[in-house]
Each structure stands twice: as C-alpha cells, then as structure tokens.
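One structure below.
The values are calculated or read from the model by the stated rules, or taken from the named source; none is laboratory data. Values in this document were obtained by computation on a predicted structure and should not be read as measured data. FYI the Cβ positions are ideal-geometry reconstructions off the backbone, even for glycines, and counts take in every protein chain you see.
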Amino acid sequence: MKRRKEVRGYLLLAPAALLICVLILIPTIETIYCSFFNYRTQMAALGMKFIGLENYVKVFSDSFFWDTFWWTIVFTAVTVALELVIGMLLALLMTKKIPGQGLIRAVVLVPWAMPAIVAGIIWSQIFAYNGFINNLLSALPFVQENYPWLGNESSAKVAVMIADIWKNTPYMSLLLLSGLLTINKEYYEAATIDGAGRWRQFWSITVPLVRPTMMVTILFRIISAMRVYDLIVAMTNGGPGGSTTTVSMYAISTYFTYGNIGYGSALSVMLLLVSVVISLFFVDSLKSRVR
Amino acid sequence: MKEKITPVKAIFIAFLVLYLLAMVFPLVYLVSASFMTEADLSAIPAKLIPSSLQIRNYVTAFTRQPIVLYVLNSFITSFLSVFICLIAGCLASYSLVRTRIKGKTLFLLFVLAISLLPTITIINPIYRMYSDAKLLNTRIGLSIISAVLDLPMTIWFLTAAFKSVPVSFEESAEIEGAGLSTILVKVYVPLLKGSIFSIGIIDFISAWNKYLLSQVLNPLEKARTVVVGLTLYQLEISIPFEIVSAASVITIIPLFVIVLLFQKNILGGLLDGGIKE
C-alpha cells in the first residue's frame, strides 16, 4: 500500500518534471554544448565544427559584448536598488490603515499587469523628440529647443531605467508587503514602550524580519532585470548607437539576425554564468524558502 | 480621534500621492493619446485631454493589422497555457505535499533554479526543437513553453495552498473508499478553488505578456499574439503614435478588465508569496 502510494507520487510529479526536463533542462545543456562549436544557420551545409573555447575567447575580446555586459549590470544595479527603496516605502505605506488603502493596492497593479512592450511604447512617446516631456518643456520661456532624450546615450539610458522602475516597483512593493504583513504588531508596541523611535524600529525590527522575503525578491528582480529585453526593444531598440543594447538583445540578434548559433550560445552562457554567480550569494535565503 | 499631521507624515503622504499619480499617468496618457489627432500629440504645451474624440484611430488600428486575430491568438494561447500550468502544477504540488516521494526539497530547489534561467539560454534549442516538431507558428506550441516557464511560480504557490488543507480531510475520504482522482476533484479542488483561480489569473497575465518567445516562435500572422502584432504598427514608418496607442489600448483591455474584476484574487495571489518573474 505504502509502496503503491510512493509510485503514485512519482507519477503525479511526472508531467511537471517531464515538461521542465524537455523544455528547459535539455535546451540549456544544448546551448552550453553549442557554445563550443562553430555553427551558422546560413552555412548549415558545413554543419557544426568543434572549436573548443574559441567562441569564449572571441567573447572576451569583443568590445561590443563588454559594452552590453556593463550596461546590463549598471541597468540591473540601478533599477533594482531604486525599486527596492521606493518599493519598501510604498509597502510600508500600504501596511497603514489609511483611507483608500484598497485603491492604492489596486492602482499598484496597473504597471504590473501592463505588458513591457506597451510600457515601452508609452515611455518612448513620453521621451520622444516631439513627445510629452519636450512639449511640456517647450512651453517654458527659457527652453529654446527640444532635447533628444532617446537620441543621446546617457539620457536614453536614464529614460529606459525610469521606465523599468515604473514597471517593476509595484511587484517589488507587493512582495515586500507580503513579508511586512507577517510581522507581529506586538514587536512594535513593545519597542515603542521601550522608547525606540521609528527609524530604530525600522532597522531593528522590520528589516531583520522582512529580510528572508526581501532577499528572495531582490534575487528574482536582479535575475529578471539582467534578462531585460521587451521594454528596451520597444523604447530604443538598443540605440542610440547600440548604447542601450543588453546582453539578451545582443544574443538574440546574433542568433536570429546573423544566424551565428555558436557565438550566440556563448553569449547566452555568459549571462547564465553571471546569473548563477549572483544566485550563489543568495543560496541561504533560497534554502530558508524551501523549508 | 484625529491624529496630528507631523512633517514626516506629510512627506509620506506627498510621496504616496505623487507615486500613485505616476503609476496611473502612463496608462491615462495612453488611453487619451489613442483618441488624439496628430496635432494634439505635438501641441505645445503638451495636451493630456484630446481636443476631440478620434474614433478613427481605432478604425485604423483594426484595419491596418488583423488585430482581432492577434487578440484571439493571445486568448487561446494564454488559456491553453493556464490550463497546462494548472494541471501539471496541481498534480506536482499534491505529490510534493502529500506523498512520500524522495527528493522533494531537491525538486523544489531545482524548480526554483530553473526560474532563474535567462530565456536566451533556451530559446534557440526550443526554436530548433519546435521546427523539427512542426510546432513553430502554432498556438499550442507557444502555450506549452509559456506554461513551463510559469510552472515554477505555480508550483511554489500551489504547494503552499495544498499544505493548508488538513490531512484528515483526505484520510476520511480515503476511508470511504474514494480513489485519488475523486480525492483531488472532490476534496482538494473545492477547498482550493480560490487559490487555484488566483494563480491561474496571474499565469494568464504572464502568458498574455510574453513577447520574446512569441516573437521568435510564432513569426507568422496566423499564430501571432497581440503583443507582437502591436510592434508591427511601429515598423511602418508612417504610422503615428495615436494609432499605436489605439492598438495598445486594444491589447491591454482584456488585461485591465481582468485586473478590475479580479484584483482581490491577484493581490491575494501575489501577497501569499507567489513568485512572479
């Protein structure tokens, strides 16, 4: 009877496990495998030629890769840091019993539910040369001409980051809120009696107790910021001059525009490696989540 | 009992109001732009309210691209994806919570790990696999991979839900001679239908919004989803923003109807610790 139950357990797990193996695990291994080959779709007749680490040697000396790499890192660091700070403020506010609490929580779902492509389209119009911001500024007497927000490298980068912060802070704040809601109010009452101020309470009670949720949330945001694609495709399509092209965008064009599967795979594996290294810093937080 | 408004509180409230305005502004601007004329859009100072309601933008949006087909494709793909995700997710979660199989923790960690994978590490092999299996440009193909990518958060969420059901419920049903399928359908599903529905909605929105996979796997019109179809308006240089806005509004209407109707479920789902990328 027990034995039968165990077999049944595996059978029930099988569909999910099979789907994950066939569609995620095997493709990942295949990509790692392909990264050691010279393989181009336009020259399919030549087949795959094993070239060892040559693709990686090329990656390391590819200055455009490093541009996309550092931009991806900067984008991730800045957006996640700001999303965390704003998200925490917002989450703290959402725990308060204030009028319109339901409305606040509902409004926060707007950017969350919006497809990144649509968010990118809207923000690109807001920052466009003849767009909303320039048309507002032009009304001011001292503004002489329109500023090309998306046509200048640094302002395009800032614009893209603003759009991402708009899109993803709500998610951050809701997950932080879920952590905050589990904190027992009595801690704060006791701390108040002991004369601890708000600031002190935040650092000594809130932060330590919300830390497990916070770490997992940060990890997930970091990983999804590192693979950013849709939003930037819709806003700048990687421009101007490739300055907002992320590693994901570079890999996709290497695969599908240039048909260079080997090199595209090596680029993907680089991003995978960085994700793995970052995840390792969060292993303890992840473990606590499994328990 | 009126509380005193301290400076700190005032700053908090100001922050909140500003933030909420910032949250809704892009949506309001989008909807408003979809009714504007080209002149309205480039007016100085910038306009927020259209001078007249240009329904024509929508007529153009509907005629330039087969957007009705795209929306239909998105619906079918997302529904199939939710269906696959919930079936596989419920079975796996039941197994992880209520049977004595080995390696549960390992499996959960594994599931968590795969949700951290960048999409670009799987997309090319998936493309080739689909090409061999004739699954490119099909709604079912896209929905399967979409479901698998949402499976980790679904399993995480549902294992927590299954844990909340007392084991005694199942045991008493078992004593009465109920089989596994009866137990799942008659005991768990009725008790967990709220949770299952919540995660289903979140999966739906996630599937609807998937762009990269849809762009790569379904490039042809017949199975193209609306988030990809939307970008085709922009590709034609002459298409102005008001038309793109109208198409965008058409794209997001189903999402926002869902958000309006089911915001409690969505919030419940997210606040119960559902991990969504």
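Could you tell me which numbered condition residue A:191 fails, if it satisfies all but one of (1) within 13 Å of chain B (Cβ to nearest Cβ); (2) touching a helix residue (DSSP H, G or I) at 6+ places or on another chain (Cβ under 9 Å)?
Checking residue A:191 against (1) within 13 Å of chain B (Cβ to nearest Cβ); (2) touching a helix residue (DSSP H, G or I) at 6+ places or on another chain (Cβ under 9 Å), the one that fails is (1).
Which of the residues that make up the stretch B:108-119 are in contact (Cβ under 8 Å) with a residue 12 or more places away in the chain and either more than 7 Å from chain A (Cβ to nearest Cβ) or part of a helix (DSSP H, G or I) (or both)? Give the derivation first.
Just the residues of the stretch B:108-119 that are in contact (Cβ under 8 Å) with a residue 12 or more places away in the chain, to begin with: B:108, B:111-112, B:114-115, B:119.
Across the stretch B:108-119, the qualifying residues are B:108, B:111, B:112, B:114, B:115.
Would you pick out the residues in the stretch A:238-291 that are within 11 Å of another protein chain (Cβ to nearest Cβ), in a loop (DSSP other than H, G, I, E, B) and either surrounded by fewer than 16 Cβ atoms within 10 Å (Cβ to Cβ) or among the charged types (D, E, K, R) (or both)?
A:259, A:291
Restrict the check to the stretch B:53-61 and report whether at least one residue is at the interface with chain A (Cβ under 9 Å from one of its Cβ atoms), at negative phi and touching a Phe, Trp or Tyr at 6+ places or on another chain (Cβ under 6 Å).
No, that holds for no residue.
Quick one: in the stretch B:85-95, of everything that is of a type in the set (A, V, I, L, M) and crowded, with 24+ Cβ neighbours inside 10 Å, which residue is nearest to residue B:209 (Cα to Cα)?
B:88
Just a yes or no: is a residue in the stretch A:144-156 surrounded by fewer than 20 Cβ atoms within 10 Å (Cβ to Cβ), touching a residue at least 60 places away in the same chain (Cβ under 8 Å) and part of a helix (DSSP H, G or I)?
yes
Among the numbered criteria (1) crowded, with 17+ Cβ neighbours inside 10 Å; (2) modelled with pLDDT of 95 or more, which single criterion is violated by residue B:115?
(2)
Looking at B:12, B:83, B:75, B:79, can you tell me which residue is outside the structural domain of residue B:136 (by TED's automatic domain parsing) and part of a helix (DSSP H, G or I)?
Residue meeting the stated conditions: B:12.
Being at the interface with chain B (Cβ under 9 Å from one of its Cβ atoms), free of Cβ contacts under 8 Å to residues at least 60 places away in the same chain and of a type in the set (Gly, Ala, Ser) narrows it down to one residue among A:77, A:14; which is it?
A:14
Need the failing condition index for residue B:174 against (1) within 11 Å of another protein chain (Cβ to nearest Cβ); (2) at pLDDT 90 or above; (3) surrounded by fewer than 16 Cβ atoms within 10 Å (Cβ to Cβ), just the number.
(2) is the only condition that residue B:174 fails.
What number of residues in the stretch B:257-271 are facing chain A (nearest Cβ under 7 Å) and in contact (Cβ under 8 Å) with a residue 60 or more places away in the chain?
So the count comes out to 2.
Among residues belonging to the stretch A:169-185 that are more than 9 Å from every other protein chain (Cβ to nearest Cβ) and among the hydrophobic types (A, V, I, L, M, F, W, C), point out the one that is farthest from residue A:225 (Cα to Cα).
A:183
Quick one: residue A:118 ticks every box in (1) of a type outside the set (Lys, Arg); (2) more than 9 Å from chain B (Cβ to nearest Cβ); (3) part of a helix (DSSP H, G or I); (4) closer than 30 Å to residue B:17 by Cβ except a single one, so which number is it?
(2)
Evaluate the stretch A:200-216: report whether one residue or more is part of a helix (DSSP H, G or I), within 11 Å of another protein chain (Cβ to nearest Cβ) and under 30 Å from residue A:67 (Cα atoms).
To start, the set of residues in the stretch A:200-216 that are part of a helix (DSSP H, G or I) comprises A:200-216.
Checking the rest, the ones that are also within 11 Å of another protein chain (Cβ to nearest Cβ) come to A:212-213, A:216.
When the remaining residues are screened for being under 30 Å from residue A:67 (Cα atoms), the result is A:216.
Yes, that holds for at least one residue.
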